[in-house]
Amino acid sequence: MSAIAETAHRGQARRSMRIDGWRWGGRIFLVFMLLYTALPMVWMLSTSIKSGFAAMQFPPQLWPDQPTLASYQKLLDPQNSVGQDFLRFFWNSLFVSTTTTILSVIVAVPAAYAFSRFTFPGRNFLFFAVLLRNMFPAVIFLVPLFILMRAIGLVNTHGSLVLTYLTFGLPLAIWLLKGFYDNIPVQLEQAARIDGATRFQAFVLIVMPLSAPGIIATAIYSFIGAWNEYIYAYTFLSKNEQLTLPVGIQRFFSENTTDFPGLMAASFMMSVPVVVLFLVLQRYFVRALTEGAVKH
């Protein structure tokens, strides 16, 4: 009996060592990924508080000896041309991203609910047809969409970007919300209908509050996609007063020199709203992804 017990103990110890090895391997991998994603942000912040000379010196310094906020002061000062342009680009991006987000949620919520709750001819075909667009790279649609926007007079307007971003963002938004609605028991709506509520009232009072994490995740996805987009904004907009941030920060490049501290300061400030938005709402985003992926 003692030999059997000793053998079992050794087997358990080996299994425990294997589990601990996987745990430590996972921790090391997470630390590596954290450094991999954080170091570019740290370097961007470091360069943004350097002078122009310090940013070009070799070997480079991770942290400057004399940090300065001159680049940020120039960007946020509406009295100089750089500050005026940056603030205009910032508000343009905020307007386009916010409008795209609101319209995306307004359209995706009822569309996803219809795909989840109703049965109609061609339902599955239409649902997968909506996702079909995501099989192709965005650049394929660049010329056709430009011709379309020029035909309807939307070139050099923010409306062209909003419509384009909706075209690309809605398929995933509908798919994400449909998976979430599928996991909300239909019996809750039926109980509300028995109590006298209409289908619309049951949707607004029962389904909408329960689907709040999915709606928030859809809003985050739509906002980030519109905020970071470059190719279509570069193609559709040519007037300086209409440019968004991804295109507008090109003004820090010139033929003879590049203002690297100003470029990094603008890039850092451009990334702040997205990072803050995700950090504040990340629990809703993660919950929506897991709820939409697992059948209850």
## Note on the structure
For the range 24-75, the Debye formula with one identical point scatterer on each Cα and no solvent gives log10 I(q)/I(0) at q = 0.12, 0.29 Å⁻¹ as -0.38, -1.07
### Query
Computed FRET efficiency, Cβ-Cβ of Leu39 and Glu241, R0 51 Å: what is it to the nearest 0.05?
0.90
### Relative packing of 92-100, 79-87, which averages over residues the other C-beta atoms within 10 Å, highest first
92-100, 79-87
### Message
Suppose all protein chains stay in the model; what accessible area per residue would a 1.4 Å probe give for the chain, in Å²?
### Response
60
### Query
Can you give the extra length, in nm with one decimal, that the chain gains between Asn228 and Trp91 once fully stretched, where that is 0.36 nm per residue apart less the Cα-Cα distance?
47.9 nm
### Cα-projected label distance for Leu148 with Asp195, points at 7 Å along beta-carbon direction, nm
4.3
### Task
Divide by every residue of the chain the summed helix terms, -39500 (n - 2.57) for each DSSP H run of at least 4, and state the resulting mean residue ellipticity at 222 nm, rounded to the nearest 500 deg cm²/dmol.
-24000 deg cm²/dmol
### Task
Quick one, can you get me the convex hull of the C-alpha atoms of the range 183-242 expressed as volume per residue in Å³?
124
### Task
Find how many whole Å separate the alpha carbon centroid of the range 78-122 from the alpha carbon centroid of the range 148-225.
12
### Message
Can you compute 3J(HN,Hα) from phi for each residue in the range 149-165, using the Karplus curve 6.51 cos²θ - 1.76 cosθ + 1.60 with θ = phi - 60°, rounded to whole Hz and x for Gly and Pro?
### Response
5, 5, 5, 9, x, 9, 5, 6, 10, 6, x, 5, 6, 4, 5, 5, 5
### Query
Roughly speaking, what is the stretch gain from Met135 to Val275, that is 0.36 nm per residue apart minus the C-alpha to C-alpha distance, in nm to one decimal?
47.6 nm
### Task
Please state the charge dipole magnitude for the chain, taken about the Cα centre, from unit charges on C-beta atoms (+1 on K and R, -1 on D and E), reported in debye and rounded to the nearest 20.
900
### Task
Give the whole-number value, in cubic angstrom per residue, of the convex hull volume spanned by the C-alpha atoms of the chain.
248
### 14 Å beta-carbon shell around Gly52, net charge (K/R +1, D/E -1)
+1
#### Entry: Peptides 157-167, 47-57 ordered by average Cβ neighbours within 10 Å, highest first
157-167, 47-57
### Message
Placing unit charges on C-beta atoms (Lys and Arg positive, Asp and Glu negative, everything else neutral), compute the dipole magnitude of the range 59-161 about its Cα centre in debye, rounded to 20.
### Response
540
### Task
Have a look at Leu172, Met149, Gly196 and report the one farthest towards the positive end of the charge dipole of the range 122-203, computed about the Cα centre with Cβ charges (Lys/Arg +1, Asp/Glu -1).
Met149
### Query
How many nm separate the modelled label positions at Leu69 and Met208, each set 7 Å beyond the Cα in the direction of the Cβ?
4.2
### Dipole axis of the chain (+1 Lys, Arg; -1 Asp, Glu on Cβ), positive-most option in Ala226, Pro246, Asn80
Ala226
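The values are calculated or read from the model by the stated rules, or taken from the named source; none is laboratory data. What you see is a predicted model, and the numbers here were worked out from it, not measured in a lab. Heads up, the Cβs are rebuilt from the backbone with ideal geometry, glycines too, and the neighbour counts pull from every protein chain shown. Note: accessible area is taken over every heavy atom of the protein model, side chains too, but ligands, DNA and RNA are not part of it. Shrake-Rupley method; radii C 1.70, N 1.55, O 1.52, S 1.80 Å.
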